[in-house]
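Below: the structure, in structure tokens.
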Ligand code: PEP
Ligand code: MN
């Protein structure tokens, strides 16, 4: 299929030689080992009967939006926690996360003058890849924490035992989270006439408050002006489309939520709109790539610094053999120090193939470091440097950076250093809540959105 004649987004079917369980014949990295197989089978059978979280229509609508983003007509904003925890399934946390994503998208829409595809990294982001299977503390060795869908974070033998009942709990928490997000949006929470709904309590004291409020005021003026012109409220401004995503790591869970939708040409993962493959499970012949190749969702893959152009092109061919618009997003996560070296050959290879993918930048995962006491952090300056370099490198290669992938929260946490308030190493003690990777706090997230606008306008 040539790039000049891509198929319409609905015309591609799940492959004939694929089934939701065909991944089982491949090596599956990063899976827990459940001591009680019977309990696992029982939980999976229950899951397979439960209603899905999303529908194929929503998924196809998102695929179209991602196709638009790949063509330069939209910008993808994807963000949320590194890992959700069951304890964070609370109304304030969910609403705050939605607020910051809406604020950032407002900044981006206004500054870039194109619509934003809003994708939360939540309502299912419960499984984590780990660098080692076990963790040793004070002479005791236990299984690593693999996210709340698998085991508990507390360092004791009972909590660290993988428990299949957590699969059902993760499905329920995801449904509760998504239900609340849908209700907020349907109720007008995302209404552009009322961006003040999204103000978080402490924003008024932020160094960025003035710039943000000036922007809100100018959008308010434009909305009022347009509505005066057309003589009525513009309905489309009352609602925002919102999608969910997670790393589809735990293949037992993903398979149980994979359903056949005959009129939509095949199988869909209905646990989320937009699953991605993490860097540690992107092996061409591994189980994750096998599972992903057959589902009809738009899919993303994290691309790290060790990937060669040849490996990348084989991955692209395997996951998107039809060069289908909106199907494939490549999220590069190189690190500020490596991006100038590692990214350009990949951009050139994809460009030379004549294929269209959506390129997104994750400026978080290549910039993680440990400071005194083993605390994991990221420096805002490195995050910013990687993102700015990414825009430049795409421009030089004749490709286009069409999105960002961020670990962020609406809370006033102190997990990443730097930013408008210049958080220091000492500040990390104050409000460090992540159980895994450090997130941008509310203010740092907004700052990054403003920075993207400045960069794109250069
Ligand atoms: C993540 O997104 O939390 C993650 C583990 O990223 P990566 O697969 O890019 O390391
Ligand atoms: Mn992470």
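Remark: residue 412 falls outside the filter, which requires a residue to be farther than 26 Å from residue 67 by Cα, surrounded by 22 or more Cβ atoms within 10 Å (Cβ to Cβ) and away from ligand 1 (no atom under 16 Å from the Cβ). When every residue of the range 422-430 is checked against the conditions, none turns out to be touching a residue at least 60 places away in the same chain (Cβ under 8 Å), touching a strand residue (DSSP E or B) at 6+ places or on another chain (Cβ under 7 Å) and more than 16 Å from ligand 1 (Cβ to nearest atom).
Selection of strands (runs of 3 or more DSSP E) fully inside the range 79-155 by the criterion of at least 2 residues being in contact with a helix residue (DSSP H, G or I) (Cβ under 7 Å, 6 or more places away or on another chain) and farther than 27 Å from residue 270 by Cβ returns 140-143.
Would you say residue 254 is more than 15 Å from ligand 1 (Cβ to nearest atom) and in contact (Cβ under 8 Å) with a residue 24 or more places away in the chain? Yes, satisfied. Checking each residue in the range 409-442 for being within 16 Å of ligand 2 (Cβ to nearest atom) and more than 20 Å from residue 212 (Cβ to Cβ) picks out 415, 432, 433, 434, 435, 436, 437, 438. Do we find a residue being away from ligand 2 (no atom under 16 Å from the Cβ), modelled with pLDDT of 95 or more, over 24 Å from residue 264 (Cβ atoms) and over 17 Å from the mean Cα position of the chain (by Cα) anywhere in the range 47-69? Taking every residue of the range 47-69 in turn, none turns out to be away from ligand 2 (no atom under 16 Å from the Cβ), modelled with pLDDT of 95 or more, over 24 Å from residue 264 (Cβ atoms) and over 17 Å from the mean Cα position of the chain (by Cα). Name every residue in the range 290-301 that is touching a residue at least 40 places away in the same chain (Cβ under 8 Å) and not in a loop (DSSP other than H, G, I, E, B), in order of residue number. Within the range 290-301, 290, 291, 292, 293, 294, 300 qualify. Of the residues 278, 304, 286, 266, only one is within 16 Å of ligand 1 (Cβ to nearest atom), touching a residue at least 12 places away in the same chain (Cβ under 8 Å) and over 18 Å from the mean Cα position of the chain (by Cα); which? Unique residue meeting the criteria: 286. For the range 330-358, which positions are within 15 Å of ligand 1 (Cβ to nearest atom) and closer than 16 Å to residue 309 by Cα? Once the filter is applied, which keeps residues that are within 15 Å of ligand 1 (Cβ to nearest atom) and closer than 16 Å to residue 309 by Cα, the range 330-358 yields 330, 331, 332, 333, 334, 338, 339, 342, 343, 346. Residue 446 fulfils the conditions (1) assigned to a helix (DSSP H, G or I); (2) more than 16 Å from ligand 1 (Cβ to nearest atom); (3) at pLDDT 95 or above; (4) surrounded by 16 or more Cβ atoms within 10 Å (Cβ to Cβ) except for a single criterion, (3).
Residue count for the range 75-101 under the criterion of being surrounded by 23 or more Cβ atoms within 10 Å (Cβ to Cβ) and either away from ligand 1 (no atom under 16 Å from the Cβ) or on the phi > 0 side of the Ramachandran plot (or both): the result is 6.
Among the conditions (1) away from ligand 1 (no atom under 16 Å from the Cβ); (2) in a loop (DSSP other than H, G, I, E, B); (3) within 19 Å of the chain's Cα centre (by Cα), the only one that residue 452 does not satisfy is (2). Screening residue 343 against (1) free of Cβ contacts under 8 Å to residues at least 24 places away in the same chain; (2) closer than 28 Å to residue 128 by Cα leaves a single unmet condition, (1).
Matching residues to (1) surrounded by 16 or more Cβ atoms within 10 Å (Cβ to Cβ); (2) farther than 23 Å from residue 62 by Cβ; (3) more than 16 Å from ligand 1 (Cβ to nearest atom):
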| site | (1), (2), (3) |
| --- | --- |
| 131 | no, yes, no |
| 135 | no, yes, yes |
| 148 | yes, yes, no |
| 167 | yes, yes, yes |
| 171 | yes, no, yes |
| 177 | yes, no, yes |
| 185 | yes, no, yes |
| 210 | no, yes, yes |
| 218 | no, yes, yes |
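Do we find a residue being within 16 Å of ligand 1 (Cβ to nearest atom), under 15 Å from residue 330 (Cα atoms) and without any contact (Cβ under 8 Å) to a residue 60 or more places away in the chain anywhere in the range 379-395? Scanning the range 379-395 turns up at least one residue that is within 16 Å of ligand 1 (Cβ to nearest atom), under 15 Å from residue 330 (Cα atoms) and without any contact (Cβ under 8 Å) to a residue 60 or more places away in the chain.
The values are calculated or read from the model by the stated rules, or taken from the named source; none is laboratory data. As the structure is a prediction and not an experimental result, all values here were calculated from the model. Note that each Cβ is placed from the backbone with ideal geometry, even for glycine, and that neighbours are counted across all protein chains shown.
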